[in-house]
Amino acid sequence: MATEQTDAYLAALFGDSYKRELDADEAIWRSLPFFAAILGIAVAVLPAVYRAARAVRGLEWAIGVGALLAGSLL
C-alpha cells in the first residue's frame, strides 16, 4: 500500500513534470522570433548567393557542391 510519503512524492513529481511541460510550451513561443529572423536572413542572402554561384563554373565548383551535398546527407 502507498503511504503518505509516497503520495506526497508522486504528487510533487507529477507537479514538477506538469510545470516543465508548460515551460516547454512557452519556450516555443519565445524562440519563434529567432526562427523568423533566421528565415528572413536566408531569404535575403540566398538569391545573391545563387546569382554568384551561377557565374562560377568548373571542376572546383562541382567538387565543392558535391562535398556540401555529401556532408548534408550525413
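Summary of values
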| item | result |
| --- | --- |
| Cβ pairs under 6 Å, 6+ apart, first in the range 45-61 and small (Gly, Ala, Ser), second in a helix (DSSP H, G or I) | none |
| Count of residues meeting criterion [surrounded by 10 or more Cβ atoms within 10 Å (Cβ to Cβ) and not in a loop (DSSP other than H, G, I, E, B)] in the range 56-66 | 6 |
| Residues of the range 18-55 that turn out to be among the aliphatic types (A, V, I, L, M) and either in contact with an Asp or Glu (Cβ under 8 Å, 6 or more places away or on another chain) or open to solvent by less than 70 Å² (accessible area, probe 1.4 Å) (or both), as a count | 8 |
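The values are calculated or read from the model by the stated rules, or taken from the named source; none is laboratory data. Keep in mind it's a predicted model, so treat the numbers as computed, not measured. Here the Cβ is made from the backbone with ideal geometry for all residues, glycine too, and neighbour counts use every protein chain on show. Remember, those area values only see protein heavy atoms, side chains included, never the ligands or the DNA or RNA. Shrake-Rupley method; radii C 1.70, N 1.55, O 1.52, S 1.80 Å.
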